[in-house]
Amino acid sequence: MKPHQIGKAYDQIADLWDSDKFPNDNGISQHNRAIAFTHRRGAALDVGCGWNGRIIDLLIEHGFSPEGIDVSDEMITRARRKYPDLTFYHADVCSWQPTVRYDLITAWDSIWHVPLEDHENVLRKLLLSLNQSGVYIFSTGGLDKACDHTDDYMGPEVYYSALGIPKLLNLISESGCICRHLEYDQYPELHLYLIVQKS
């Protein structure tokens, strides 16, 4: 499934992020843990930002200047309407190139939609976009080896991929970073999140 198809799928379900069914606390405690590792509170990037704003608001609350990127046109349109003074990029993270370095990058439940063949390059690009001591928090599938699949759990069919934990940890180390935290936070579901810091 191509990134523009992922964007179209999320266009269809944008209203979900404003419904009573959406768990607004999803990922917040994990982000607070990541923020505790930060040394500076400057530029931050929310990859797959959507438009709900719960993570953007948290970053602002902690003194960051956040930007957002999303492949969904509808998500970015709504995000720009909600936060007219912030910068949002309507772009595919696979081809998008950062122009600044960040003190914190988050990719919560987002880069697992990147095609498996692009996953390693995207992860490396984001890690290299961190300032010294910058922190990257992201979620992925808690698998032992690379895998991809599609499902329609949220309505439209959506693609997922994961590199597997051994490959992730190798890539983190090769990129000059250290894994500070790794947790199956929804066990027995294979939802894994990592906090990584530029060494």
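Points to keep in mind about this one:
- Out of V93, V122, V100, one residue alone is of a type outside the set (F, W, Y) and out of contact with any helix residue (DSSP H, G or I) (no Cβ under 9 Å at 6 or more places or on another chain). It is V100.
- When the range 87-133 is limited to residues that are surrounded by fewer than 18 Cβ atoms within 10 Å (Cβ to Cβ) and of a type in the set (A, V, I, L, M, F, W, C), the one that is nearest to A162 (Cα to Cα) turns out to be L116.
- Members of the range 95-112 that are aromatic (F, W, Y) and within 17 Å of H39 (Cβ to Cβ): Y102
- Restricted to strands (runs of 3 or more DSSP E) entirely inside the range 157-199, those with at least 2 residues that are over 21 Å from N26 (Cβ atoms) and free of Cβ contacts under 8 Å to residues at least 40 places away in the same chain are 177-184.
- Residue selected from the range 80-126 under the condition farther than 18 Å from K198 by Cβ and aromatic (F, W, Y), by the criterion farthest from the chain's Cα centre (by Cα): Y83
- Boolean, I172 is among the aliphatic types (A, V, I, L, M), crowded, with 19+ Cβ neighbours inside 10 Å, modelled with pLDDT of 95 or more and more than 15 Å from the chain's Cα centre (by Cα): yes
- If the condition is being more than 11 Å from E120 (Cβ to Cβ) and not acidic (D, E), then the range 171-185 contributes I172, S173, G176, C177, I178, C179, R180, H181, L182, Y184.
- Qualifying positions in the range 79-118 - in a strand (DSSP E or B) and of a type in the set (D, E, K, R): D103
- Among residues of the range 48-63 that are more than 26 Å from C94 (Cβ to Cβ), those with a beta-carbon under 7 Å from a residue that is β-branched (V, I, T) and surrounded by 17 or more Cβ atoms within 10 Å (Cβ to Cβ) at least six positions away or on a different chain give the pairs H62/I35.
Conditions (1) closer than 19 Å to D57 by Cβ; (2) aliphatic (A, V, I, L, M), marked per residue:
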| site | (1), (2) |
| --- | --- |
| G68 | yes, no |
| D92 | no, no |
| P98 | no, no |
| L104 | yes, yes |
| D109 | yes, no |
| E117 | no, no |
| N121 | no, no |
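- Of all residues in the range 19-54 being at pLDDT 90 or above and of a type in the set (K, R), the one that is nearest to N131 (Cα to Cα): R40
The values are calculated or read from the model by the stated rules, or taken from the named source; none is laboratory data. As the structure is a computational prediction, the values presented were derived from the model and not from experiment. Here the Cβ is made from the backbone with ideal geometry for all residues, glycine too, and neighbour counts use every protein chain on show.
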